[in-house]
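Written below as structure tokens is the structure these notes are about.
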Amino acid sequence: MEALLPLASFAFVTSITPGPNNIMLTSSGVWFGFVRSIPHMLGITFGFAVLLAICAAGIGSLVVAVPAVHVLLKIAGSGYLLYLAWKLRSMSFNQDVRADVRPMSFVGAALFQFANPKAWVMAITGASAFLPLIQPVWLAIAIYCLVFSVVNLPCVSVWAGAGAVLRRYLTQPLWRAIFSGVMVALTIYSAVAIWL
């Protein structure tokens, strides 16, 4: 199992670096706290594991081979990120404003992985380069998904935790506005970067 260390390293680098999931988790940590963001974190890890399995089974090659599917993923991903940016711009710590606002659900976070271009790139690259060369293939896919998930969950948790820590320092309206502006800008940048 000497292939597991490079796989774990790849999983760590790709999971800990900024991207749509981690930007959303930081915002969730700020607005809702760490505990209320747990379903969001678990949904990301579960949805991404399913995406990994699908790509390892060969569907990822189809996405790469059919440009129209790739374009549809980009449209869905950037559209959703722009929608999130719109919602983020109006959030505040005022309880009556936040009463109807909820953190992303487990299912919503899991489904977002299929519209997240960074997740597709990670899954396709990982499947082509780090899938263990063992038989039967289903066992190789299961090990691949398990290793990635074990590494991914703590990585995404760091971002929600960072947001929860920032929450303590964002009690002043000016700092909330600055943070909100930065997160909106980063979310819009992520939506635009999908097309670059």
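Computed over the chain, the P(r) curve from all C-alpha pair distances, binned at 5 Å from the origin, holds 1, 8, 16, 20, 19, 14, 10, 6, 4, 2, 1, 0 percent per bin.
Across the range 179-190, coupling constants 3J(HN,Hα) worked out from phi with the 6.51/-1.76/1.60 Karplus curve, θ = phi - 60°, read 4, 4, x, 5, 5, 5, 4, 5, 5, 5, 4, 4 Hz, and Gly and Pro carry x. Here the calculated FRET efficiency for Ile59 and Arg89, from their Cβ-Cβ distance with R0 = 41 Å, stands at 0.70, rounded to the nearest 0.05. Of all the options Ser27, Ser128, Ser78, the one that moves most in a Gaussian network model of the chain with Cα springs shorter than 10 angstrom is Ser128. Label zone (Thr125, point 7 Å along Cα-to-C-beta; backbone nitrogen cut-off 16 Å) within the range 5-25: 6-22.
For the pair Leu139 and Val107, label points projected 7 Å from Cα toward Cβ lie 3.6 nm apart.
Taking the chain as a Gaussian network, where each spring joins two C-alpha atoms under 10 Å apart, which residue of Leu25, Leu84, Leu139 fluctuates the most? Greatest mean-square fluctuation among the candidates belongs to Leu139. Taking 7 Å steps out from each Cα toward its Cβ at Ser149 and Phe114 produces label points 1.7 nm apart.
Counting only DSSP H runs of at least 4 residues, each contributing -39500 (n - 2.57), and dividing by the residue count of the chain, the helix-based mean residue ellipticity at 222 nm comes to -25500 deg cm²/dmol. Between the beta carbons of Val66 and Val182, assuming R0 = 30 Å, the FRET efficiency works out to 0.25 to the nearest 0.05. Placing R0 at 22 angstrom, the Cβ-Cβ distance between Val192 and Leu166 gives a FRET efficiency of 0.35 after rounding to 0.05. Taking the chain as the reference, fit the longest principal axis to its C-alpha atoms, fit the long axis of helix 4-16 to the helix C-alpha atoms, and give the angle between the two in degrees, 0 to 90, nearest 10. With both axes taken from Cα atoms, the answer is about 20 degrees.
Take every pair of alpha-carbon atoms less than 8 Å apart whose residues are at least six positions apart; their mean separation over the length of the chain yields a relative contact order of 46 percent.
No lab work stands behind these numbers, since they all come straight from the coordinates. Keep in mind the model is a prediction, meaning the values are calculated, not measured. Heads up, the Cβs are rebuilt from the backbone with ideal geometry, glycines too, and the neighbour counts pull from every protein chain shown.
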